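The values are calculated or read from the model by the stated rules, or taken from the named source; none is laboratory data. Note that the structure is predicted; figures quoted are calculated from it, not measured. Every residue, glycine as well, gets a Cβ built from its backbone with ideal geometry; the counts of neighbours run over all protein chains shown.
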């Protein structure tokens, strides 16, 4: 059993409910509490990061219509910076395209409003079961790996899934970018085929040879080269890619 699963067994599920409608927030919070969950609500995008940085949550529900200018960007930010399961909600009248876009940006599920409270609780548990199975599948590999990886002044904290930049700042990674980076860090200075990277990311059902190239391009943009190492991820023609930095595992 993964550490995360064990931790969850020791306390009730903790859910952050992000919704601008006070009635919806109150109704969802009260119902989740009847289901043995702990729940906290916020109604402003600016409050989300504060809560996620200062408390431990198991899942976020996010109403995409609470701020039409950046509802989808909030999905991307939460999933890339905090790696928490996320269920997006959106009024049914906004159409299917918004919900599909949320899923493509990394939401684990999306529900049209109004929704039944029983359905919401069931979807929360289903998303967390899927996430726990993923942690369980990779648990033995994770336990054998070091917590931190150092390479060329960069630092990846595997437990927090945060990429530290040489200047001390933090670069957010999507779940695909994180999976690709860890695949490279596990086998630096070795030619890796596209097929290997697809398997290593465990996302091959969603990716193909073309999209893996796009994801690596985005990862390259975040791993800014230096004069000492002008090419961190090298393209190996006819094969795939190679990570060009030595990796030091710590802790």
Counting just the residues of region 1-35 that are in a loop (DSSP other than H, G, I, E, B) and under 27 Å from residue 160 (Cα atoms), which one comes out modelled with the highest pLDDT?
19
Would you confirm whether or not region 58-78 contains a residue that is in contact with a strand residue (DSSP E or B) (Cβ under 7 Å, 6 or more places away or on another chain), closer than 20 Å to residue 13 by Cα and surrounded by fewer than 20 Cβ atoms within 10 Å (Cβ to Cβ)?
no
Run down 105, 84 and say which single residue is assigned by TED's automatic domain parsing to the domain that holds residue 131, closer than 28 Å to residue 171 by Cβ, at pLDDT below 85 and in contact with a helix residue (DSSP H, G or I) (Cβ under 6 Å, 6 or more places away or on another chain).
105
Go through the residues of region 125-134 one by one and say whether even a single one is at pLDDT 85 or above, outside the structural domain of residue 201 (by TED's automatic domain parsing), more than 30 Å from residue 221 (Cα to Cα) and surrounded by 16 or more Cβ atoms within 10 Å (Cβ to Cβ).
yes
Pick from region 85-109 the residues that are touching a residue at least 24 places away in the same chain (Cβ under 8 Å) and closer than 22 Å to residue 13 by Cβ: which of them is surrounded by the fewest Cβ atoms within 10 Å (Cβ to Cβ)?
106
Matching residues in region 98-123 - criterion: being farther than 22 Å from residue 176 by Cα and not in a loop (DSSP other than H, G, I, E, B):
111, 112, 113, 117, 118, 119, 120, 121, 122, 123
Which ones in region 228-247 are closer than 21 Å to residue 149 by Cα and assigned to a loop (DSSP other than H, G, I, E, B)?
228, 229, 230, 231, 232, 244, 245, 246, 247
